[in-house]
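The values are calculated or read from the model by the stated rules, or taken from the named source; none is laboratory data. As the structure is a prediction and not an experimental result, all values here were calculated from the model. Cβ coordinates were reconstructed from backbone atoms using ideal geometry, including for glycine residues, and neighbour counts include every protein chain displayed. SASA here: full protein model, heavy atoms, side chains in, ligands and nucleic acids out. Shrake-Rupley method; radii C 1.70, N 1.55, O 1.52, S 1.80 Å.
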Amino acid sequence: MNAARRIVIAGLGTMLLRPAGAAPETLRVAIEKFAAGAAPQTGRVTLEIAPLVDNGNVVPVTIRVASPMTAEDHVRAIALFNEHNPNTEMAIFHLGPRSGRATVSTRVRLATSQQIVALAKMSDGSVWQHRVDVIVTLAACIES
């Protein structure tokens with residue numbers, strides 16, 4: 001069996017054997033807090049992250065939001081949440097109409113295979129989201 005196939009099979013096994021616990025509930029609560037009463041809708045947000053990550057220590061992430069970025073219609077904040085890291089909230093970026101584009105990029109650490117959620121809070125109070133399942137073959141953020 002070649003090395004690439006082993007990595008994919010190991011990653012799939014990791015994804016199927018996700019740690020059980022209150023992590024999905026913690027993620028739900030964090031999203032509700034960010035949304036401040038608005039129901040997150042799917043669309044307008046594009047979360048760019050590799051679906052298979054060899055090393056969870058440095059994972060590039062880009063979030064783009066479809067918005068004209070005018071005074072009347074702009075992105076107020078972009079947030080990035082995760083399901084199984086020690087801290088559910090990975091980043092919050094505050095924007096305004098003078099930001100020009102609603103695009104942010106960063107690098108994150110991922111403890112294990114999990115769901116990553118990007119949210120955008122708009123000037124009209126609506127909240128938009130994009131969710132991606134990521135398989136991590138070499139975990140990071142492990143507490144001893």
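Go through the residues of segment 132-139 one by one and say whether even a single one is more than 14 Å from the chain's Cα centre (by Cα) and closer than 13 Å to Thr62 by Cβ.
No, because not a single residue in segment 132-139 is more than 14 Å from the chain's Cα centre (by Cα) and closer than 13 Å to Thr62 by Cβ.
Where in segment 37-86 are there strands (runs of 3 or more DSSP E), lying fully within it, with 1 or more residues that are touching a helix residue (DSSP H, G or I) at 6+ places or on another chain (Cβ under 7 Å) and open to solvent by 30 Å² or more (accessible area, probe 1.4 Å)?
Per the criteria, no element qualifies.
Output the qualifying pairs, or none if there are none: Cβ atoms under 6 angstrom, residues six or more apart or on different chains, first residue in segment 16-33 and at pLDDT 90 or above, second residue open to solvent by 70 Å² or more (accessible area, probe 1.4 Å).
Ala30/Glu89
Output the residues belonging to segment 98-129 that are open to solvent by 60 Å² or more (accessible area, probe 1.4 Å) and under 16 Å from the mean Cα position of the chain (by Cα).
Ser105, Arg107, Arg109
Write out, first by first residue and then by second, each pair whose Cβ atoms fall under 6 Å of each other, whose residues are 6+ apart or on separate chains, and whose first residue, in segment 114-137, is closer than 11 Å to Gln41 by Cβ and among the aromatic types (Phe, Trp, Tyr) while the second is open to solvent by less than 30 Å² (accessible area, probe 1.4 Å) and part of a loop (DSSP other than H, G, I, E, B).
If the second residue must be open to solvent by less than 30 Å² (accessible area, probe 1.4 Å) and part of a loop (DSSP other than H, G, I, E, B), the pairs left are Trp128/Gly43.
Hey, does segment 88-97 have a residue that's in contact with a helix residue (DSSP H, G or I) (Cβ under 7 Å, 6 or more places away or on another chain), at negative phi and open to solvent by 60 Å² or more (accessible area, probe 1.4 Å)?
In the first step, residues of segment 88-97 are kept if they are in contact with a helix residue (DSSP H, G or I) (Cβ under 7 Å, 6 or more places away or on another chain); the result is 88-89.
When the remaining residues are screened for being at negative phi, the result is 88-89.
Still in the running and open to solvent by 60 Å² or more (accessible area, probe 1.4 Å): 89.
Yes, because at least one residue in segment 88-97 is in contact with a helix residue (DSSP H, G or I) (Cβ under 7 Å, 6 or more places away or on another chain), at negative phi and open to solvent by 60 Å² or more (accessible area, probe 1.4 Å).
Does Arg101 meet the test of being of a type in the set (Lys, Arg), modelled with pLDDT of 90 or more and outside any strand (DSSP E or B)?
On the way: of a type in the set (Lys, Arg): yes; modelled with pLDDT of 90 or more: yes; outside any strand (DSSP E or B): yes.
In short, yes.
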